[in-house]
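The values are calculated or read from the model by the stated rules, or taken from the named source; none is laboratory data. No experiment lies behind these values; they were computed from the predicted model shown. A quick note on method: Cβ atoms are made from the backbone with ideal geometry, for glycine too, and the neighbour counts reach across all protein chains shown.
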């Protein structure tokens with residue numbers, strides 16, 4: 001298992017994982033990490049953001065959760081001190097592309113706050129307890145992001 005994880009973390013392995021998500025909606029890397037953390041694997045999506053400084057298209061493979069009809073992703077970064085780059089990018093430009101099993105969708109991403117975040121966070125921790133551990137490793141509030149596909153009229157003309 002350790003050899004597979006090392007292989008998947010190489011540039012070639014990460015590119016292969018992005019291809020898997022793009023065409024099947026499954027991430028081998030997420031499956032490996034889920035197994036190691038002891039929770040059931042989640043379906044994965046390919047989130048496409050624009051680099052806040054470069055303007056270049058950036059992609060991140062993320063597990064997603066359907067909670068109360070909302071598509072939710074988490075910016076845990078394994079409990080590291082800073083948010084993942086994709087969170088910084090979507091804060092600068094919330095118009096994102098989402099690829100799941102050969103389908104491309106446009107969405108507006110928003111970082112949740114207050115009671116909405118707390119309700120979603122409680123459900124996420126119940127489903128994937130390792131998120132509580134990640135939160136204990138950092139002083140930042142781990143971002144919980146909702147992808148809103150219906151609110152995407154403003155991003156209809158954006159490049160993806």
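Things to note:
- Flag set for residue 47, criterion: in contact (Cβ under 8 Å) with a residue 24 or more places away in the chain and under 25 Å from residue 104 (Cα atoms).
- Number of positions in segment 6-19 that are in a helix (DSSP H, G or I) and either free of Cβ contacts under 8 Å to residues at least 12 places away in the same chain or in contact with a helix residue (DSSP H, G or I) (Cβ under 6 Å, 6 or more places away or on another chain) (or both): 9
- The sole residue among 33, 65 that is within 15 Å of the chain's Cα centre (by Cα) and modelled with pLDDT under 85 is 33.
- Output for segment 108-125, where each listed residue is outside any helix (DSSP H, G or I), surrounded by fewer than 18 Cβ atoms within 10 Å (Cβ to Cβ) and in contact with a strand residue (DSSP E or B) (Cβ under 8 Å, 6 or more places away or on another chain): 110, 111, 112
- Of all residues in segment 84-107 being farther than 18 Å from residue 43 by Cβ and under 12 Å from the mean Cα position of the chain (by Cα), the one that is surrounded by the most Cβ atoms within 10 Å (Cβ to Cβ): 90
- Residue in segment 126-144 that is assigned to a loop (DSSP other than H, G, I, E, B), touching a helix residue (DSSP H, G or I) at 6+ places or on another chain (Cβ under 6 Å) and surrounded by fewer than 19 Cβ atoms within 10 Å (Cβ to Cβ) present: yes
- Evaluation of residue 66 against (1) surrounded by 14 or more Cβ atoms within 10 Å (Cβ to Cβ); (2) in contact with a strand residue (DSSP E or B) (Cβ under 9 Å, 6 or more places away or on another chain); (3) free of Cβ contacts under 8 Å to residues at least 24 places away in the same chain (one fails), failing number: (1)
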